[in-house]
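Visitor: Got a structure for you, written out below as structure tokens; questions coming shortly.
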Amino acid sequence: MRIVQLLFFLLMLVHWIGCIWYFLVKNKEDGWIPPKDLDRPGEGMEKTDFYDSSKVSKYFVVFYYAILTMVGNELAPQNNIQTIFASLIIITGAVVSAFIFGNMAALMATMNKKSNHFDEQLDLVNATMRSMKLPEEMQDQVISFMHHVQNSPDLHQDLEDFFKILNEPLTKQILYHLHSPLIKKVVELNSCSSVEQAFFIINLKPVLFLPKDVILREGEKGDNIYFINKGVC
């Protein structure tokens with residue numbers, strides 16, 4: 001959305017520059033010849049058919065030269081006012097171009113930040129697994145897990161870093177908002193007091209498992225309580 005806004009701003013700026021330039025050269029007496037017509041045969045105003053064109057064609061011409069002038073191209077001004085305005089366009093174009101394209105570059109970098117971070121992690125994991133000489137099947141499982149994590153936004157991978165920014169009361173409120181619906185689905189916890197439910201809510205941590213992963217076998221001693229938020233077991 002931000003990129004669309006920047007492009008719209010750029011188009012509107014070019015539009016207004018073109019309109020002002022058209023106002024400055026709209027009379028044939030102003031003697032402006034579009035640079036593309038300067039090499040045409042003829043003398044004086046006979047070189048150009050700009051003033052004999054329709055208003056739509058004139059608009060396209062001034063719009064085109066507004067863009068060129070913003071990036072420093074020649075506009076061929078014929079008098080002092082045109083020269084001053086053309087100079088202002090070049091200065092404005094340099095500033096606006098730096099602002100818009102700088103913002104676009106920053107936005108693109110932000111959009112690719114997660115993907116770049118994942119690629120760095122993947123390279124690190126691949127290099128580590130090669131040095132450990134893990135079996136190919138096990139390497140495939142690790143890669144599959146990483147892709148599963150990458151495609152699971154509900155895992156809240158950045159939750160820990162997010163909560164470091166907040167104070168304790170805000171953190172508890174957000175955790176309650178995130179986890180209370182899950183706790184309410186557990187029939188065994190419905191009889192617990194609000195203090196006991198709050199203890200579970202605050203200490204819940206999201207964990208991701210791949211399909212067919214063994215979480216716990218019957219008869220094993222467990223050291224954690226698992227609540228299934230999404231998926232089946």
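Just so you know, all these numbers are worked out from the coordinates, no wet-lab data involved. This is a predicted model, so every value here is computed, not measured. Every residue, glycine as well, gets a Cβ built from its backbone with ideal geometry; the counts of neighbours run over all protein chains shown.
Visitor: Can you compute the charge dipole magnitude of the chain about its Cα centre, using +1 on each Lys and Arg Cβ and -1 on each Asp and Glu Cβ, nothing else charged? Give it in debye, rounded to the nearest 20. Present the calculation step by step, with values, prior to reporting the outcome.
Guide: Values: 21 positive and 26 negative charges, 94 e Å.
Result for the chain is approximately 460 debye, rounded to the nearest 20.
Visitor: Classify segment 154-233 as rounded, prolate or oblate from the Cα gyration tensor: take a ≥ b ≥ c as the square roots of its eigenvalues, call it rounded if a/c is under 1.5, otherwise prolate when a/b beats b/c and oblate if not. If you can, show how the numbers build up before the last one.
Guide: Numbers: a/c = 2.09, a/b = 1.32, b/c = 1.59.
Cα axes put segment 154-233 in the oblate bin.
Visitor: Another one. 7 Å from Cα along Cα→Cβ at both residue 83 and residue 51: what's the point-to-point distance in nm?
Guide: The modelled label-to-label distance comes out at 2.1 nm.
Visitor: While we're looking at this one, here's another question. Just need the relative contact order of segment 154-233 here, percent rounded to a whole number, with Cα pairs under 8 Å and 6+ apart.
Guide: For segment 154-233, the relative contact order is 32 percent.
Visitor: What is the packing order of peptides 74-83, 118-127, taking the mean over residues of other C-beta atoms within 10 Å and listing the highest first?
Guide: Ranking, from highest mean packing down: 74-83, 118-127.
Visitor: Continuing with this model, one more query. Kindly provide the helix-only [θ] at 222 nm of the chain, computed as the sum of -39,500 (n - 2.57) over DSSP H runs of four or more divided by all residues, to the nearest 500 deg cm²/dmol?
Guide: -20500 deg cm²/dmol, from helical runs alone.
Visitor: May I pose another question? By the gyration tensor of its Cα atoms, with a ≥ b ≥ c the square roots of the eigenvalues, what is the shape of the chain: rounded for a/c under 1.5, prolate for a/b over b/c, or oblate?
Guide: Prolate is the answer for the chain, as a/c is 1.5 or above and a/b outweighs b/c.
Visitor: Can you find, among 189, 131, 60, the residue sitting farthest towards the positive end of the charge dipole of the chain, where Lys and Arg contribute +1 and Asp and Glu -1 at Cβ?
Guide: It is 189, whose Cα lies furthest towards the positive end.
Visitor: Which entries of 184/212; 164/185; 172/205; 185/221; 36/58 show an alpha-carbon separation above 19 angstrom in the structure shown?
Guide: Over 19 Å apart, Cα to Cα: 184/212; 164/185; 185/221.
Visitor: Most exposed first by the Cβ proxy, i.e. fewest other Cβ within 10 Å, how do 207, 149 rank?
Guide: Ranked by crowding around the Cβ, least crowded first: 207, 149.
Visitor: Now, a different point. Once you have the Cα-Cα distance between residue 229 and residue 11, take 0.36 nm times their residue separation minus that, and quote the gain in nm to one decimal.
Guide: Additional length available on full extension: 73.7 nm.
Visitor: Right, another one. Rank the residues 215, 183 as a footprinting-exposure proxy: fewest other Cβ atoms within 10 Å of their Cβ go first. Can you show the working numbers first?
Guide: Details: 215 12, 183 18.
Arranged by neighbour count, lowest to highest, 215, 183 become 215, 183.
Visitor: Let me ask another. Can you sort 32, 21, 16 so the residue with the fewest Cβ neighbours within 10 Å comes first?
Guide: Ordered from fewest to most neighbouring Cβ atoms within 10 Å, 32, 21, 16 come out as 16, 21, 32.
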